[in-house]
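The values are calculated or read from the model by the stated rules, or taken from the named source; none is laboratory data. Note that the structure is a prediction, hence the values are computed from the model and not measured. Cβ coordinates were reconstructed from backbone atoms using ideal geometry, including for glycine residues, and neighbour counts include every protein chain displayed. Accessible surface areas use protein heavy atoms only, side chains included; no ligands, DNA or RNA. Shrake-Rupley method; radii C 1.70, N 1.55, O 1.52, S 1.80 Å.
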Amino acid sequence: GLSLLRRDAQIAVNAVNKYVKVPLLQNQFDALVSFTFNVGDGKFAKSTLLQMLNAGSFDAVPSQLGRWTNGGVPGLINRRNAEINLFLNGEY
């Protein structure tokens with residue numbers, strides 16, 4: 001239960017720390033950990049989102065997050081919108 005959740009969350013934290021090469025604010029880091037926890041570290045590592053972020057295109061992150069809704073699944077739209085808000089404003 002909880003130990004599995006902690007392990008999976010740590011995998012997401014480690015992936016963001018490993019793959020992101022630009023400095024992040026805490027809220028940006030938290031949003032990317034939430035995203036990575038949801039989609040998996042492998043998909044995050046290969047994502048256009050990560051490439052654009054590492055190129056310094058912070059402004060591209062919200063629209064890139066918005067692409068990951070599995071064809072418009074309402075729960076994923078809500079999650080991505082919360083992550084976008086967290087990334088931009090520090091509010092989840």
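In segment 83-92, the residue that is nearest to residue 36 (Cα to Cα) out of those that are assigned to a helix (DSSP H, G or I) and touching a residue at least 24 places away in the same chain (Cβ under 8 Å) is 83.
Do you know which residues across segment 58-74 are open to solvent by 50 Å² or more (accessible area, probe 1.4 Å) and among the small types (Gly, Ala, Ser)?
Taking segment 58-74 first, the residues open to solvent by 50 Å² or more (accessible area, probe 1.4 Å) are 58-59, 63, 67-68, 70-71, 73-74.
Those that are open to solvent by 50 Å² or more (accessible area, probe 1.4 Å) and among the small types (Gly, Ala, Ser): 63, 71.
How many of the residues making up segment 1-56 are open to solvent by less than 60 Å² (accessible area, probe 1.4 Å), closer than 17 Å to residue 85 by Cα and not in a helix (DSSP H, G or I)? Total meeting the criteria: 1. Count of segment 16-35 residues, restricted to those that are in contact with a helix residue (DSSP H, G or I) (Cβ under 8 Å, 6 or more places away or on another chain) and farther than 14 Å from residue 51 by Cα, is 9.
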